[in-house]
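Student: Questions regarding the structure given below will be posed in turn.
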Amino acid sequence: MAAESSTYLSNILTKTGLFSDEQIALLLDAARENDASIADIVARDGYVPEDVFLEAMAKILNSRFIKLNALTIEQDVLDRLPTKAVFQYNVIPVAFENGTLQVACNDPLNTGLIDALRLAAGTRVRLVLSTSDDIAKAAKKLYGIGAETVDKMMEDNRFEVAPEEILAHVDLNALDQEASVVKFVNQIIWEACQQGATDIHFEPMENQLRIRYRVDGVLHQTPVPSQLNRFQAAVISRIKVMANMDIAEKRLPMDGRIGLRVQGEDIDIRVSTMPTVYGESVSLRLLQRRSEFIGLTDLGMSDRDSALIRKAIHRPNGIILVTGPTGSGKSTSLYAYLHELNTMDQRIMTAEEPIEYEMAGINQVLVRPEIGLTFAKILRSFLRQDPDIIMVGEIRDLETAEIAIQAALTGHLVFSTLHTNDAAGAFTRLLDMGVEPFLVASSVETIVAQRLVRILCDSCKRPVEPEASFLKSVGFPMDRLDGSVIYGQTGCEKCRLTGFHGRGGIFEVLHVTDSIESLVIRRSAMNEIRRKGIKEGMCTLRDDGWNKVLAGITTIEEVIRVTEENN
């Protein structure tokens, strides 16, 4: 850094009134040693918030500080600056007026920036200031994830995929490949992990390759460059290469698996392909290998339900069933129960398809039906392995159900799942499989039905006053409204403008009493069992949902969305 330049920067920083002489000297030294901008050093080392620094700089430099999320930028303005320049210099063109392109940046002290942008745009350039975070978010939204990579591939006319570059347990943080399909796919997976997505869907449409993330149980379309459809075949081939799948086979559905690491976390990705009219649709399920598990107290159950479950899981024998549709958190609950029981004096064995989370101290077996290793076969073998506790991923057929019941009746505690809408429906499901009613009644101890609701963002949730007629129509307990506040979502940067951040459970716990046993043995209707359970104190899914609404955890609409069939 030349002496003149150092003096100029020192004078500018002094004028802001934000730094002492000692801090200015440290800032300049850090910028020189790290070859970084002053703005980045200020934000990184926490001298002052970046927006405060840039607002002060805007006044000194006769510029202006703007919030990009409040602006609507026209496409013809975006097109005036090459995509490569946008991502290389971390800038966003925001307006074109009187022959001058206004460009937002966070590095106003970079003396060569304006010349580089003028050369790239081919027109006069004026800088305005915005935070680096705002610029990065705007770039993803306006240009799409991986836009600079696709732009480079367009320049090179590059359509190939590199099969020799197989990613197997490589940390995405460390990847610094040249612009290619490999890098683009890595960027998509990286972004999904950053957003907390559980699934990524690559869906070929007639004129585009649509990419969607499932975040908090809801699908969101991800902005991607419009030219991406030209690389559709290469992107899908790259994913198949990563999953060790046959890239030549495009006519049949296929399954595979990818193992990689993101930010030091091991991620297992289950890959499924499906041939469609416009090409292969690919779904990726992201499974984190957790080192820490959610405990029973973290599930969000009411005191009554939590006490019932704690009593049930500490029984020496019997079956505990968790029911609900796919994606309702059944596996998470089962792992929470097992985590509570995982002590040195308990031998726990599980049969899973797939093994979603690896838990130390537990014998986990992967179901592989293609070689005859089914739930029933594994379960039968478990009985010769002297287990105390058995977990079966899912009871799908009569054979598995009968062996699970046999295990429960011979002194084992058995956990499993069923796909039913509510707790009482589990009995109907088992009887429909062909299990004798007296066996079901004598072995099943507790059934938990559950759903996941999105949790309101604490930063932006707001009080709402729904119409009384609406509340009555959905069965909301009007008598409990006195003094209670109902909240609704707003949306902010923290929750990606959705109004929600994370998910939590709502539960329906049916404890099998003598009266419930009698109804099961008589093959009573599901609704009759349900009414009996409610009479004996069972809180239904929707009622537990209302409790969460009154506690300010979620919204009325969320509860209705996930419990519609249980009204």
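The values are calculated or read from the model by the stated rules, or taken from the named source; none is laboratory data. Bear in mind the structure is a predicted one, so any value in this text is a computation, not a measurement. Counting neighbours? That spans all protein chains shown, and the Cβs are built from the backbone with ideal geometry, glycine included. These area figures cover heavy atoms from the full protein model, side chains too; ligands, DNA and RNA do not enter into them. Shrake-Rupley method; radii C 1.70, N 1.55, O 1.52, S 1.80 Å.
Student: Please enumerate the residues belonging to segment 387-402 that are without any contact (Cβ under 8 Å) to a residue 40 or more places away in the chain and open to solvent by 10 Å² or more (accessible area, probe 1.4 Å).
Tutor: Arg396, Asp397, Leu398, Glu399, Glu402
Student: Could you grab me the full set of residues in segment 308-340 that are open to solvent by 10 Å² or more (accessible area, probe 1.4 Å) and closer than 19 Å to Val444 by Cβ?
Tutor: Passing the criteria: Leu308, Arg310, Lys311, His314, Arg315, Pro316, Asn317, Lys330.
Student: For segment 66-79, check the following and say yes or no: at least one residue is free of Cβ contacts under 8 Å to residues at least 40 places away in the same chain and either over 30 Å from Arg210 (Cβ atoms) or over 35 Å from the mean Cα position of the chain (by Cα) (or both).
Tutor: There is no residue in segment 66-79 that is free of Cβ contacts under 8 Å to residues at least 40 places away in the same chain and either over 30 Å from Arg210 (Cβ atoms) or over 35 Å from the mean Cα position of the chain (by Cα) (or both).
Student: Then there is this: State the number of residues belonging to segment 101-121 that are without any contact (Cβ under 8 Å) to a residue 40 or more places away in the chain and either open to solvent by 30 Å² or more (accessible area, probe 1.4 Å) or in a strand (DSSP E or B) (or both).
Tutor: Qualifying residue count for the region: 11.
Student: So which of Arg257, Arg251, Arg238 ends up being part of a strand (DSSP E or B) and within 30 Å of Glu370 (Cα to Cα)?
Tutor: From the options Arg257, Arg251, Arg238, the qualifying one is Arg257.
Student: Out of everything in segment 516-555 that is in contact with a Gly (Cβ under 8 Å, 6 or more places away or on another chain) and in a helix (DSSP H, G or I), what residue ends up being farthest from Pro477 (Cα to Cα)?
Tutor: Only one residue fits best here, namely Ile516.
Student: Something else now. Quick check on my filter: what residues within segment 238-265 are small (Gly, Ala, Ser), in contact with an Asp or Glu (Cβ under 9 Å, 6 or more places away or on another chain) and surrounded by 15 or more Cβ atoms within 10 Å (Cβ to Cβ)?
Tutor: Passing the criteria: Ala243, Gly259.
Student: Any chance segment 436-445 includes a residue that's at pLDDT below 95 and assigned to a loop (DSSP other than H, G, I, E, B)?
Tutor: The answer is no; no qualifying residue exists.
Student: Out of all the residues in segment 548-561, is one or more of a type in the set (Asp, Glu), out of contact with any Asp or Glu (no Cβ under 6 Å at 6 or more places or on another chain) and open to solvent by less than 70 Å² (accessible area, probe 1.4 Å)?
Tutor: yes
Student: Filter segment 266-294 down to the residues that are open to solvent by 80 Å² or more (accessible area, probe 1.4 Å) and assigned to a strand (DSSP E or B), then identify the one that is modelled with the lowest pLDDT.
Tutor: The residue in question is Gln288.
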